[in-house]
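The values are calculated or read from the model by the stated rules, or taken from the named source; none is laboratory data. In this text, all values refer to a predicted model and were calculated from it rather than measured experimentally. All Cβ positions, even for glycine, are placed from backbone atoms using ideal geometry, and neighbour counts span all protein chains on display.
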Amino acid sequence: MRGLGIAAVLLLGPGCLGAQAGYALYELEQSYAAAQQQNASELAVYESTLSEAYRSKAWEEAGYNQYEAAETLIAKASEMATAAEKLATEEAEALRLLEELSQDEELVPEQVPVVPEAVPEAETPWSEPAPEEERLDEWVE
């Protein structure tokens with residue numbers, strides 16, 4: 001009886017690992033597809049390329065029944081695919097806003113240099129009096 005339990009664990013154990021890796025690969029494919037749908041290969045080049053490399057290596061390791069290594073690579077690939085999707089979404093929004101700003105001329109004024117008007121100098125106690133003030137001083141005395 002005890003031998004039957006050990007045999008069952010030995011026979012079904014690797015299958016469970018394969019099933020876990022298979023499900024993780026399925027989830028990875030979904031997150032990778034979501035990133036590619038957001039045009040991550042052009043807007044988040046580094047993250048997208050790294051995700052693709054990890055994804056490819058994870059499939060290779062799963063094919064060789066190296067499920068632990070495959071799951072590690074799947075986690076890294078999934079993380080990079082999520083980062084690529086987020087960055088691509090942000091970049092797409094920034095590009096959309098930039099395009100909207102470039103089409104709306106009223107929103108962005110032309111860059112015209114502003115020349116300040118000449119401001120009259122205020123008289124100070126040490127400035128010389130105007131000629132009219134001299135005449136007034138002479139008349140009052």
Examine the stretch 60-75 for a residue that is at negative phi, in contact (Cβ under 8 Å) with a residue 40 or more places away in the chain and among the hydroxyl-bearing types (Ser, Thr, Tyr), and state whether such a residue exists. yes
Pairs needed: first member in the stretch 82-97, under 12 Å from Asn39 (Cα atoms); second member anywhere, polar (S, T, N, Q); C-beta distance under 6 Å; at least 6 residues apart or different chains. Ala84/Ser48; Ala84/Ser51; Glu85/Gln38; Ala88/Gln38; Ala88/Asn39; Thr89/Gln38
Answer yes or no as to whether Ala24 is within 26 Å of Glu93 (Cβ to Cβ), surrounded by 15 or more Cβ atoms within 10 Å (Cβ to Cβ) and of a type in the set (A, V, I, L, M, F, W, C). no
Filter result (acidic (Asp, Glu) and closer than 25 Å to Val45 by Cβ) within the stretch 58-103: Glu60, Glu61, Glu79, Glu85, Glu90, Glu91, Glu93, Glu99, Glu100
Flagged in the stretch 80-102 as among the charged types (D, E, K, R) and either closer than 27 Å to Ala58 by Cβ or not in a helix (DSSP H, G or I) (or both), in numbering order, are Glu85, Lys86, Glu90, Glu91
Just one of (1) closer than 21 Å to Leu25 by Cβ; (2) at pLDDT 95 or above trips up Thr89, so point out which. (1)
Please go through the stretch 37-52 and pick out each residue that is crowded, with 18+ Cβ neighbours inside 10 Å and part of a helix (DSSP H, G or I). Ala40, Leu43, Glu47, Ser48, Leu50, Ser51, Glu52
Answer yes if at least one residue in the stretch 126-139 is out of contact with any helix residue (DSSP H, G or I) (no Cβ under 6 Å at 6 or more places or on another chain), modelled with pLDDT of 90 or more and either charged (D, E, K, R) or surrounded by 13 or more Cβ atoms within 10 Å (Cβ to Cβ) (or both), and no otherwise. no
